[in-house]
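> Got a structure for you, questions after.
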Amino acid sequence: MGDAGKNKILIVGGGGREHAIAWKLAQSPKVGEIVCAPGNAGIAGFCRCEPVSAEDIPGLAALAERERPGLTVIGPETPLALGLTDELEALGLRVFGPDKNCAQLEASKSFTKAFLARHGIPTAAYREYTDADALRKDIGVFGFPMVLKADGLAAGKGVIIAEGRAAAEAAVRELMETRAFGAAGDKVVVEELLRGTEASMLCFADGSAIVPMESAQDYKRVFDGDEGPNTGGMGAYSPSLLFDGETERRVAEEILLPTLEGFKADGLDFRGVLFVGLMLTADGPKVIEFNNRFGDPETQSVLPRLKTDLYDIMEAVCGDRLSQLPIEWDETLKTATVVMAAGGYPGAYQKGDAIHGLAGVPDGVFVFHAGTAFSEGGEIVTNGGRVLGVLGTGKTHEAARENAYAGVSKISFGGAGYRKDIGVVYNTRQ
Ligand code: AMP
Ligand code: GLY
């Protein structure tokens, strides 16, 4: 067991987000030992990493049963969708992260669209299809470009925006016939195209409240100028410059409040992070999607600004007491996180390249590890697509960004790629 009176924590996942969660929880006087499965080379610097994959539900349940943590925090979406929360709760353990039923809010676009429609929450008009020919007949139903989405989890890649009929036909084949996303494409959601600026809002959520965190802006495309294919996220800064008080008020009233009411009405016992993907349109904010977890790399930019003890927040969420807990942020601190990725990401990429310069980053810069591991010789090497998230902080956005890039300039590994424009404001779809 950990130090007397302190809580042992189990963190599931091994990316930059989990490094940030572990780093923040480690600052809590209430937290003792942190175990992470599977973790990475950065997390291993201060936590005990256990080699169990974040998708191995029986393996994680066995680990949790052995460790009996006071709190388990589930980072990624897949174990949530596979019902890890339910498994651990059945063992009498406390879990931060929604159960399998609620996890459909990320794992099924059709489930979420029906939820939004049922509760009158602003979102794009939609239809859904399980038959390729029926879908072909409806090509262009909302005009062009046409938005087609695989219903299930597809690592952020299951959305196709087809400019015209030929591209839409190719998308139908890819989603439903060659099954590029496997079973995720058995059902396809077609949506009206939303125009505006894309922004996201991460919220702590339980049965008593949905409380937005400080905002952060993510950069999903791989290249500068928002070009190239979508990735998990190439960087983020906080607070976002896209939200103003009026937008935040509208999101709270028109989206978060009815979502909380919707959870109650539908018997959804949501406890964790609700990540709301938004399009800020001329008609106001509309929901593009929900995720059920902290964003990556938004978390690396947001948690450093949190003043309240993260453990207290997670404990409150687990006990449906979020509405009673004041949450404080450092309003004067700005942050920017630049992701350094392996060459070729988000396509095929190499692993095992030595990473140099980690110890040489300037003061005020912190390096969150994502895809890193130790080589047999004990060297830190690349082990994933997104390798590192370099956090810069400062009193202004500019200072935070300069700091982050000063850190990036000290680090090198074979084929390293990163965006040079994290912090620049783009309008995504006008
Ligand atoms: P999703 O996985 O649902 O977040 O979609 C991935 C990306 O596709 C989003 O981040 C948007 O850039 C884009 N997108 C999804 N749905 C729409 C829509 N209805 N209108 C315009 N863009 C969309
Ligand atoms: N950065 C986007 C996500 O975590 O889904």
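> Considering the range 94-127 alone, what residues qualify as being under 23 Å from Met279 (Cα atoms), at pLDDT 95 or above and not in a helix (DSSP H, G or I)?
Residues satisfying the conditions are His119, Gly120, Ile121, Pro122, Thr123, Ala124, Ala125, Tyr126, Arg127.
> A further question follows. Check off (1) within 16 Å of ligand 1 (Cβ to nearest atom); (2) assigned to a loop (DSSP other than H, G, I, E, B); (3) open to solvent by 40 Å² or more (accessible area, probe 1.4 Å) for Gly233 and give me the number that stays unchecked.
(3)
> Still on this structure, I have one more. Does the range 149-156 include one or more residues that are away from ligand 2 (no atom under 16 Å from the Cβ) and outside any loop (DSSP other than H, G, I, E, B)?
no
> Name the one entry in Gly415, Gly394, Gly378 that is surrounded by fewer than 21 Cβ atoms within 10 Å (Cβ to Cβ) and without any contact (Cβ under 8 Å) to a residue 40 or more places away in the chain.
Every option except Gly378 fails the conditions.
> Looking only at helices (runs of 4 or more DSSP H) that fall completely inside the range 11-92, which ones have 3 or more residues that are buried (at least 24 other Cβ atoms within 10 Å of the Cβ) and in contact (Cβ under 8 Å) with a residue 60 or more places away in the chain?
Correct list: 16-26.
> Out of the residues in the range 160-208 that are assigned to a loop (DSSP other than H, G, I, E, B), in contact (Cβ under 8 Å) with a residue 60 or more places away in the chain and touching a Leu at 6+ places or on another chain (Cβ under 7 Å), state the one that is nearest to Ala81 (Cα to Cα).
Asp206
> Give me the residue from the range 168-195 that is of a type in the set (Asp, Glu) and away from ligand 1 (no atom under 11 Å from the Cβ) and, out of that set, surrounded by the most Cβ atoms within 10 Å (Cβ to Cβ).
Applying the filter and picking the extreme gives Glu174.
> Might you check whether a residue that is among the basic types (Lys, Arg), under 22 Å from Glu18 (Cβ atoms) and touching a strand residue (DSSP E or B) at 6+ places or on another chain (Cβ under 7 Å) occurs anywhere in the range 279-296?
Yes, that holds for at least one residue.
So that you can scan it fast, the table gives a plain yes or no per residue for (1) in a strand (DSSP E or B); (2) open to solvent by less than 10 Å² (accessible area, probe 1.4 Å); (3) touching a helix residue (DSSP H, G or I) at 6+ places or on another chain (Cβ under 7 Å):
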{"site": "Glu246", "(1), (2), (3)": "no, no, no"}
{"site": "Arg249", "(1), (2), (3)": "no, no, no"}
{"site": "Glu253", "(1), (2), (3)": "no, no, no"}
{"site": "Pro258", "(1), (2), (3)": "no, no, no"}
{"site": "Glu261", "(1), (2), (3)": "no, no, no"}
{"site": "Lys264", "(1), (2), (3)": "no, no, no"}
{"site": "Phe270", "(1), (2), (3)": "no, yes, yes"}
{"site": "Lys286", "(1), (2), (3)": "yes, no, no"}
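> Can you tell me which residue is most open to solvent (accessible area, probe 1.4 Å) among those in the range 128-167 that are within 12 Å of ligand 1 (Cβ to nearest atom) and among the charged types (D, E, K, R)?
Filtering first and then ranking leaves Lys157.
> May I pose another question? Of a type in the set (Phe, Trp, Tyr), within 13 Å of ligand 2 (Cβ to nearest atom), touching a strand residue (DSSP E or B) at 6+ places or on another chain (Cβ under 7 Å) and part of a strand (DSSP E or B): is that true of Phe275 in this structure?
So Phe275 passes the test.
> Search the range 321-340 for residues being more than 27 Å from Tyr405 (Cβ to Cβ) and touching a residue at least 40 places away in the same chain (Cβ under 8 Å), and hand back the single one that is least open to solvent (accessible area, probe 1.4 Å).
The extreme case among them is Leu322.
> In addition: Taking the stated definitions as given, is Gly120 on the phi > 0 side of the Ramachandran plot, within 16 Å of ligand 2 (Cβ to nearest atom) and in contact (Cβ under 8 Å) with a residue 12 or more places away in the chain?
Criteria not met by Gly120.
> Can I ask one more? Would you say Gly343 is at pLDDT below 95 and open to solvent by less than 40 Å² (accessible area, probe 1.4 Å)?
It is true that Gly343 is at pLDDT below 95 and open to solvent by less than 40 Å² (accessible area, probe 1.4 Å).
> Filter the range 272-284 down to residues that are under 20 Å from the mean Cα position of the chain (by Cα) and within 13 Å of ligand 1 (Cβ to nearest atom) and give me whichever is surrounded by the most Cβ atoms within 10 Å (Cβ to Cβ).
Leu278
> While we're on this one: Just to verify a result, which residue in the range 373-410, among those that are hydroxyl-bearing (Ser, Thr, Tyr) and in contact with a Lys or Arg (Cβ under 8 Å, 6 or more places away or on another chain), is farthest from Gly352 (Cα to Cα)?
Among them, the one singled out is Thr396.
The values are calculated or read from the model by the stated rules, or taken from the named source; none is laboratory data. As the structure is a computational prediction, the values presented were derived from the model and not from experiment. As a convention, Cβ positions derive from the backbone with ideal geometry for all residues, glycine included, and neighbour counts pool all protein chains shown. Note: accessible area is taken over every heavy atom of the protein model, side chains too, but ligands, DNA and RNA are not part of it. Shrake-Rupley method; radii C 1.70, N 1.55, O 1.52, S 1.80 Å.
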